[in-house]
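The block underneath contains the structure these notes are about, expressed in structure tokens.
The values are calculated or read from the model by the stated rules, or taken from the named source; none is laboratory data. It should be emphasised that the depicted structure is a prediction, and the values quoted were computed from it without experimental measurement. Virtual Cβ from ideal backbone geometry, glycine too; neighbours counted across all protein chains shown.
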């Protein structure tokens with residue numbers, strides 16, 4: 001069987017502290033047909049020099065002003081030509097063999113539009129503190145805001161072209177909104193292996209601007225209701241989907257240290273669909289303890305988030 005060309009795109013902006021590791025994790029893949037594009041947004045922290053050091057092994061790179069992460073990724077998509085395509089943010093990593101495993105899964109089932117693998121959580125020192133494990137999710141699960149770790153996703157280009165590229169109106173859940181469109185073009189399959197690592201650090205959006213993720217969840221909730229391809233599933237899963245949006249809002253509010261609003265959001269999730277909310281019963285407990293003045297337990301919770309315990 002002929003091996004397909006795989007395109008990887010890395011959007012980059014002032015992430016020099018992590019960029020070298022990211023680039024190396026792609027270039028050290030054991031897959032022979034790989035093109036790699038790095039799209040830098042005119043970084044001022046030395047990132048262009050890091051990219052230039054590897055330029056002879058890249059399909060191409062730029063360092064120029066852009067309209068943000070989605071725009072940078074889309075520019076890479078436009079320039080690339082691989083049959084399979086993915087992007088890796090400039091602070092994340094591929095684990096050895098990731099591309100090979102993704103290709104094998106997609107080749108085994110031509111009807112798949114995308115595959116997604118489990119993702120490690122790492123800190124600023126590349127120390128693993130969690131593994132984000134997923135399941136055999138389908139489009140309805142995505143609509144209920146079961147979030148997939150973006151570094152573990154690989155798409156078939158034909159599905160991406162039909163779905164359209166990233167929507168520039170989204171800045172926090174831009175990947176999830178794209179998965180909802182791509183998954184309508186064919187099947188999706190979980191690879192029950194760890195293929196990538198997502199980095200959590202003080203400047204990362206999922207830490208620094210955690211509260212804004214919920215706002216985009218509700219924007220996606222509204223968008224889904226206007227999509228003909230999602231209408232039937234939405235109508236039969238409305239309460240579960242609404243509960244999922246409130247649960248995601250609560251999760252990010254809690255991660256941002258906003259326990260009271262988080263508990264209120266969990267309450268709204270419970271009212272819509274209790275089984276969806278109770279998937280995060282431990283987080284509901286943490287939020288309640290914080291409001292009872294048990295700040296020490298709250299501090300332990302956040303240390304665990306940064307430590308070794310899988311929450």
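Taking the condition over 21 Å from the mean Cα position of the chain (by Cα) and surrounded by 17 or more Cβ atoms within 10 Å (Cβ to Cβ), does residue 61 pass?
Details: over 21 Å from the mean Cα position of the chain (by Cα): yes; surrounded by 17 or more Cβ atoms within 10 Å (Cβ to Cβ): yes.
Considered against the rule, which asks whether it is over 21 Å from the mean Cα position of the chain (by Cα) and surrounded by 17 or more Cβ atoms within 10 Å (Cβ to Cβ), residue 61 comes out as yes.
Look at residue 93 and say whether it is under 15 Å from residue 6 (Cα atoms) and touching a residue at least 12 places away in the same chain (Cβ under 8 Å). First the steps, then the outcome.
Details: under 15 Å from residue 6 (Cα atoms): no; touching a residue at least 12 places away in the same chain (Cβ under 8 Å): yes.
Criteria not met by residue 93.
Mind checking which residues of the range 153-183 are buried (at least 18 other Cβ atoms within 10 Å of the Cβ), more than 18 Å from residue 76 (Cβ to Cβ) and out of contact with any helix residue (DSSP H, G or I) (no Cβ under 6 Å at 6 or more places or on another chain)?
176
Scan the range 4-22 residue by residue and report those that are outside any strand (DSSP E or B) and in contact with a helix residue (DSSP H, G or I) (Cβ under 7 Å, 6 or more places away or on another chain). Full working, then the answer.
The initial filter retains those residues of the range 4-22 that are outside any strand (DSSP E or B), namely 4-5, 13-22.
Scanning the range 4-22 gives 4, 14, 15, 16, 19, 20.
Every residue, every condition in (1) modelled with pLDDT of 95 or more; (2) part of a helix (DSSP H, G or I); (3) more than 17 Å from the chain's Cα centre (by Cα), yes or no:
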site: 194; (1), (2), (3): yes, no, no
site: 201; (1), (2), (3): no, no, no
site: 218; (1), (2), (3): yes, yes, yes
site: 227; (1), (2), (3): yes, no, yes
site: 243; (1), (2), (3): yes, yes, yes
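Against the condition in the same structural domain as residue 158 (by TED's automatic domain parsing), farther than 19 Å from residue 196 by Cβ and over 19 Å from the mean Cα position of the chain (by Cα), how does residue 53 come out, does it pass? Give the steps one after another, and end with the answer.
Details: in the same structural domain as residue 158 (by TED's automatic domain parsing): yes; farther than 19 Å from residue 196 by Cβ: yes; over 19 Å from the mean Cα position of the chain (by Cα): yes.
It is true that residue 53 is in the same structural domain as residue 158 (by TED's automatic domain parsing), farther than 19 Å from residue 196 by Cβ and over 19 Å from the mean Cα position of the chain (by Cα).
For the range 61-77, give me each residue that is touching a helix residue (DSSP H, G or I) at 6+ places or on another chain (Cβ under 6 Å) and in contact (Cβ under 8 Å) with a residue 60 or more places away in the chain.
Residues of the range 61-77 that are touching a helix residue (DSSP H, G or I) at 6+ places or on another chain (Cβ under 6 Å), as a first pass: 61, 63, 66, 70.
70 - this is the single residue of the range 61-77 that is touching a helix residue (DSSP H, G or I) at 6+ places or on another chain (Cβ under 6 Å) and in contact (Cβ under 8 Å) with a residue 60 or more places away in the chain.
Report the residue count in the range 134-168 for those that are in a loop (DSSP other than H, G, I, E, B) and touching a residue at least 40 places away in the same chain (Cβ under 8 Å).
Just the residues of the range 134-168 that are in a loop (DSSP other than H, G, I, E, B), to begin with: 134-138, 144-149, 164-168.
Pick out the ones that are also touching a residue at least 40 places away in the same chain (Cβ under 8 Å) and you get 134-138, 144-147, 149, 165-168.
The qualifying residues number 14.
Mind checking whether some residue in the range 75-90 is out of contact with any strand residue (DSSP E or B) (no Cβ under 9 Å at 6 or more places or on another chain), modelled with pLDDT of 95 or more and either surrounded by fewer than 20 Cβ atoms within 10 Å (Cβ to Cβ) or closer than 26 Å to residue 162 by Cβ (or both)? Walk me through how you get there before you give the answer.
Initial filter on the range 75-90 (out of contact with any strand residue (DSSP E or B) (no Cβ under 9 Å at 6 or more places or on another chain)): 78.
This time we only want the ones that are modelled with pLDDT of 95 or more, so: 78.
So of that shortlist, the ones also either surrounded by fewer than 20 Cβ atoms within 10 Å (Cβ to Cβ) or closer than 26 Å to residue 162 by Cβ (or both) come out as 78.
For the range 75-90, residues out of contact with any strand residue (DSSP E or B) (no Cβ under 9 Å at 6 or more places or on another chain), modelled with pLDDT of 95 or more and either surrounded by fewer than 20 Cβ atoms within 10 Å (Cβ to Cβ) or closer than 26 Å to residue 162 by Cβ (or both): present.
Just to be sure, is residue 42 part of a helix (DSSP H, G or I) and either over 18 Å from residue 155 (Cα atoms) or assigned by TED's automatic domain parsing to the domain that holds residue 160 (or both)? Steps first, please.
Numbers: part of a helix (DSSP H, G or I): no; either over 18 Å from residue 155 (Cα atoms) or assigned by TED's automatic domain parsing to the domain that holds residue 160 (or both): yes.
Answer is no for this residue.
Restricting to the range 273-299, give me the number of residues that are farther than 14 Å from residue 257 by Cβ, surrounded by 20 or more Cβ atoms within 10 Å (Cβ to Cβ) and at pLDDT below 85.
Residues meeting the conditions: 0.
Which ones in the range 97-115 are part of a strand (DSSP E or B) and surrounded by fewer than 22 Cβ atoms within 10 Å (Cβ to Cβ)?
Here is the first cut: in the range 97-115, the residues part of a strand (DSSP E or B) are 112-115.
Listed by number, the list holds a single entry, 112.
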